[in-house]
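Notes for the one structure printed next.
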Amino acid sequence: MSPPKVELHEIQATVLRLRPAPYYGSHVLFRVDDAKAGHEFLRRLAPHVDSAANWWKPADAWISVAISYAGFKALGLPAESLQSFPEAFRVGMAARARELRDEGVNDPKNWEPLFGNGEAHIGLNAFSDSMEKWQRIVEMAREQLRDLHGVRVLAVQDFGMQPGDRNSLGYKDGIDQPAMEGVGVDPLPGQGNPIKAGEFILGYPGETGVPLPMPQPDILGRNGTYVGFRKYQSRVGAFNRFLHANGKTEDEREFVAAKLVGRWRSGAPLTLAPDADDPALGADPHRNNDFNYAGDTHGRRAPFGCHIRRMNPRDTQLTRLTDVNIHRLIRRGTTYGKPYDPNELSEDADNVERGAIFLFISAKAMATMEFLQQEWIDEGNFIGLGEERDPIIGRQEEGAYFTIPKEPVRRRVHGIETFNVLRGGEYFFMPSLSALRWLGEFQM
């Protein structure tokens, strides 16, 4: 523990508080049809939003609230405030599809109708460690709409931990999170030196030594952050068929599955457990992320193109000089729908309503997400792999493959498909608690 230097009492808890285990919750989207009603809704919600003070202590249930650019317009914010937001936030995620490489099956024209049209104004995220508490806080949020006309629920997406704390493709997730400077907790082994708070929270210096521009007025921007909301549908049948095509036995299939991610299903990293899964290692937060790639310079343990090495190259020597610290995101991933089943092989399994929803949190979330999509996810040149793409969340072209370095000859597995299809997304701004109260009392 170290004294916090960030105003934790002003920051919404979801920015720093880890997802509970087990976890239950909902993502709820609202539309504001009357500005006064929208402000009143925020005024009512504000007292129920937890701050990040003592975020490292277990909590049983909490909510967070974020607002889209269309939402700020619906709330009647003045033009000078609206224009102070970055362009990518103002135009929205769908309009930035080219920069995000959201093309083909991921094109916004294929998204669920709810997304990308300016309808989603307020996003509420509810997290809990039990079904009973989750239902209670969702009902509490609904109560704030009682007798309030002019705000309506657009959609509710429930989520929850799958058996074994696995995601929609059967992996333990959420392990590698960036450490932030000045938030009262020292990094876990493997997190590296803390990253400047300004990379994640507005109003503080970032890695360059200066704060990023904030939305205006200052009370609106300070201690706030941006959130990229992305909903994926997992094509479990395609994923399992791929594993069967490249592994004759269950052990062979699990080996290929581990190589794709860089971790075994349990969360044990290949750099520490290269030959066999080690569930005890995967379950230990003081060991399961405590590694670098200095002893794996040829990628024979964790392939260069595996998911975790792409998303956090650590000390990997890159072909393009990059400061990894300025491209990190806080991730709050949740799984929805039917649990993963390794025996589902049919094409019908690809159409089951299940998958993952991510909240990508950063003071420059839009720019960071576009960089990651362009450079690290849907390309491979930064790490010497040409056009090879992320095997888990990348959008694959026909003939895609994945390289597994080995001696004497590397192995290329073919038949990679788009295993997680984007079903929608939005950009939101998560204000501080003071900003929420200010918005609640805002006079047009």
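The values are calculated or read from the model by the stated rules, or taken from the named source; none is laboratory data. Here the structure is a predicted model, which means the values were calculated and not measured. Note that we place each Cβ from the backbone using ideal geometry, even for glycine, and neighbour counts take in every protein chain shown.
Within region 16-47, restricting attention to residues that are in a helix (DSSP H, G or I) and touching a strand residue (DSSP E or B) at 6+ places or on another chain (Cβ under 6 Å), which residue is nearest to ALA356 (Cα to Cα)?
LEU45
Going by what's in this entry, would GLY174 be described as assigned to a loop (DSSP other than H, G, I, E, B), of a type outside the set (A, V, I, L, M), surrounded by fewer than 20 Cβ atoms within 10 Å (Cβ to Cβ) and touching a strand residue (DSSP E or B) at 6+ places or on another chain (Cβ under 7 Å)?
Here the answer is yes, as GLY174 does meet what is asked.
Condition check: assigned to a loop (DSSP other than H, G, I, E, B), within 26 Å of the chain's Cα centre (by Cα), at pLDDT below 95 and surrounded by fewer than 21 Cβ atoms within 10 Å (Cβ to Cβ). Does GLY386 satisfy that?
Here the answer is yes, as GLY386 does meet what is asked.
Out of curiosity, is THR403 touching a residue at least 12 places away in the same chain (Cβ under 8 Å), in contact with a helix residue (DSSP H, G or I) (Cβ under 9 Å, 6 or more places away or on another chain), among the β-branched types (Val, Ile, Thr) and surrounded by fewer than 22 Cβ atoms within 10 Å (Cβ to Cβ)?
It is false that THR403 is touching a residue at least 12 places away in the same chain (Cβ under 8 Å), in contact with a helix residue (DSSP H, G or I) (Cβ under 9 Å, 6 or more places away or on another chain), among the β-branched types (Val, Ile, Thr) and surrounded by fewer than 22 Cβ atoms within 10 Å (Cβ to Cβ).
Kindly check whether there is at least one residue in region 189-196 that is outside any loop (DSSP other than H, G, I, E, B) and out of contact with any helix residue (DSSP H, G or I) (no Cβ under 8 Å at 6 or more places or on another chain).
No - not one qualifying residue is present in region 189-196.
From ALA268, ALA245, which residue is in contact with a helix residue (DSSP H, G or I) (Cβ under 8 Å, 6 or more places away or on another chain) and farther than 30 Å from SER84 by Cβ?
ALA268
Looking for whichever is at pLDDT 95 or above, charged (D, E, K, R) and over 21 Å from the mean Cα position of the chain (by Cα) here; the options are ARG44, ARG17. Which one fits?
ARG44
Residues of region 35-51 being crowded, with 19+ Cβ neighbours inside 10 Å and either without any contact (Cβ under 8 Å) to a residue 12 or more places away in the chain or among the aliphatic types (A, V, I, L, M) (or both), which ones?
Answer for region 35-51, where residues must be crowded, with 19+ Cβ neighbours inside 10 Å and either without any contact (Cβ under 8 Å) to a residue 12 or more places away in the chain or among the aliphatic types (A, V, I, L, M) (or both): LEU42, LEU45, ALA46, VAL49.
Starting from residues that are farther than 20 Å from GLN135 by Cα and surrounded by 19 or more Cβ atoms within 10 Å (Cβ to Cβ), keep the ones in region 20-34 and report whichever is farthest from the chain's Cα centre (by Cα).
Result: VAL32.
Check whether at least one residue in region 198-218 is at positive phi, assigned to a loop (DSSP other than H, G, I, E, B) and surrounded by fewer than 18 Cβ atoms within 10 Å (Cβ to Cβ), and report yes or no.
yes
For the list (1) touching a residue at least 12 places away in the same chain (Cβ under 8 Å); (2) within 14 Å of ALA238 (Cβ to Cβ); (3) surrounded by fewer than 19 Cβ atoms within 10 Å (Cβ to Cβ), I need the number of the one condition that ARG395 fails.
ARG395 satisfies every listed condition except (3).
Select from region 41-63 the residues that are in contact with a Phe, Trp or Tyr (Cβ under 8 Å, 6 or more places away or on another chain) and within 13 Å of ILE137 (Cα to Cα) and list them in ascending order.
VAL49, ASP50, ALA61, TRP62, ILE63 - these are the residues of region 41-63 that are in contact with a Phe, Trp or Tyr (Cβ under 8 Å, 6 or more places away or on another chain) and within 13 Å of ILE137 (Cα to Cα).
Is it the case that some residue within region 415-432 is free of Cβ contacts under 8 Å to residues at least 40 places away in the same chain, of a type outside the set (S, T, N, Q) and more than 30 Å from LEU82 (Cα to Cα)?
No.
Looking only at residues in region 284-304 that are under 25 Å from ASP165 (Cα atoms) and touching a strand residue (DSSP E or B) at 6+ places or on another chain (Cβ under 8 Å), which one is surrounded by the fewest Cβ atoms within 10 Å (Cβ to Cβ)?
Looking at residues that are under 25 Å from ASP165 (Cα atoms) and touching a strand residue (DSSP E or B) at 6+ places or on another chain (Cβ under 8 Å), I get PHE291.
When only residues in region 147-166 that are touching a helix residue (DSSP H, G or I) at 6+ places or on another chain (Cβ under 9 Å) and closer than 23 Å to ARG44 by Cα count, which is surrounded by the most Cβ atoms within 10 Å (Cβ to Cβ)?
Checking each candidate, the answer is VAL151.
Does region 420-443 contain at least one residue that is of a type in the set (Lys, Arg) and assigned to a helix (DSSP H, G or I)?
Within region 420-443, one or more residues are of a type in the set (Lys, Arg) and assigned to a helix (DSSP H, G or I).
How many residues does region 117-146 contain that are in contact with a Phe, Trp or Tyr (Cβ under 7 Å, 6 or more places away or on another chain), surrounded by fewer than 17 Cβ atoms within 10 Å (Cβ to Cβ) and assigned to a loop (DSSP other than H, G, I, E, B)?
Residues that pass the stated criteria total 1.
Which of the residues that make up region 65-116 are buried (at least 20 other Cβ atoms within 10 Å of the Cβ), in a loop (DSSP other than H, G, I, E, B), hydrophobic (A, V, I, L, M, F, W, C) and in contact with a strand residue (DSSP E or B) (Cβ under 8 Å, 6 or more places away or on another chain)?
LEU75, PHE85, MET93, TRP111, PHE115, listed by residue number.
Collect the residues in region 316-343 that are over 18 Å from ILE377 (Cα atoms), out of contact with any Lys or Arg (no Cβ under 7 Å at 6 or more places or on another chain) and surrounded by fewer than 17 Cβ atoms within 10 Å (Cβ to Cβ), keeping them in residue-number order.
PRO339, ASP341, ASN343
Take the residues in region 184-220 that are farther than 19 Å from TRP56 by Cβ and among the acidic types (Asp, Glu), then tell me which one is modelled with the lowest pLDDT.
By that ranking, first place goes to GLU207.
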